[in-house]
């Protein structure tokens, strides 16, 4: 069965934020038309009848496109990847891009989920994160989108340089007051290759203390669940019926299409990644060549280990019997010593044959995964 999910990467931004290490190109709006032409060539490589249940436009900033370009992007992708009835069509958006014209355009083309990368309402924190919007821009964009879109998600970053626990709690409470359908919370990371990495190495920025970052994460758990949000994945919270169905494709180990520079796909048991350079991705497609730079078929055991780690990110955890039936491996066979250790230290628990993270495990989840992947 072909994948029922697809991701399209739009790499353009007005400005590359200092913490960003994604495939992004800033200040090259002159490449819009060439990008669309190359994407059309990549879409033609897909099998016919590629109907999907979820379609996600990420970036970069898809809403950075001029209205005419954005409309053409939505049109040409949906012509090749039609959305099934009841499907989820998500677009990542920057608050200042959500003008009345673009908001109406998105709704007209069937976009029913907006993921707004607003990160904070705090002016000082927004400046530190090098964001180009203010709190007022968020409120105005939210009001417009709320009138036209079924589901709105807000992205929030915590543990920014100089941020206090009180600052973070204020961000959480302001987000809750808007009553979005979904909220994602991410601790700021310093990725090698991003500007913030170099600034931290030079002593210009300081990472938040681990204890403070843990308190901030726990504040998110407490504030959001108390407000009626279901904590369904390590970093994600949703009102009933508003989980991100597209991202659950990844966490459940299902296959998916992906297009655009740097995009990674999983189709017919093969994992492939496109070239991260926007220009190289374009040139390869223009020359009739494949944009793929890495390709591998994971052995069954490696697929099972990956399935285990992604599945444990979901708060529901993993049904041990279903996992063994699906992968051919028991969880014990993949990491008996690590599993026993994590259960003993109450980082994992088994409830009704579901293996899942405890609250203590949530706080250190990233440090657990290597033990299951080795």
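Just so you know, all these numbers are worked out from the coordinates, no wet-lab data involved. Being a predicted model, the structure only gives us computed values, none of them experimental. Methodologically, a virtual Cβ is constructed for each residue, glycine included, from the backbone with ideal geometry; neighbour enumeration extends over all protein chains shown.
Looking at the chain, what % of its DSSP beta bridges pair antiparallel, to the nearest 5?
45
In whole Å, how far is the Cα centre of the range 1-29 from that of the range 48-107?
If you average the Cα positions of each part, the centres end up 13 Å apart.
Quick check on the chain: helices-only [θ] at 222 nm, where DSSP H runs of length 4 and up contribute -39,500 (n - 2.57) each and the sum goes over total residues. Nearest 500, please.
The helix-only estimate for the chain comes to -12500 deg cm²/dmol at 222 nm.
For the range 95-220, what is the relative contact order in percent, using Cα pairs closer than 8 Å and at least 6 residues apart in sequence?
Here the relative contact order equals 26 percent.
Distance from the Cα centre of the range 131-203 to that of the range 356-371, in angstrom?
When both Cα centres are located, 24 Å separates them.
Say R0 is 56 Å: what FRET efficiency, to the nearest 0.05, do residue 322 and residue 146 get from their beta-carbon distance? Write out the running numbers ahead of the final one.
Working: r = 38 Å, r/R0 = 0.68.
The computed FRET efficiency comes out at 0.90.
So how many Å³ per residue does the convex hull of the Cα atoms of the range 315-374 work out to?
80
Which value in Å does the Kirkwood hydrodynamic radius of the range 1-137 take, with 1/r averaged over all unlike C-alpha pairs and then inverted? Don't skip to the end; give the middle numbers.
Numbers: mean 1/r = 0.0633 Å⁻¹.
Value: 15.8 Å, from the Cα pair sum.
With the alpha-carbon atoms as the only input, what is the per residue convex hull volume for the chain in Å³? Before the final figure, lay out the partial values.
On the way: hull volume 54.4 nm³, N = 374.
About 146 Å³ per residue, rounded to a whole number.
Going by average Cβ density within 10 Å per residue, which order do the peptides 111-118, 128-135 take, highest to lowest?
Result, highest mean first: 111-118, 128-135.
How much length would be gained if the chain were fully extended between residue 225 and residue 298, taking 0.36 nm per residue of separation minus their Cα-Cα distance, in nm to one decimal?
Length gained between residue 225 and residue 298: 22.6 nm.
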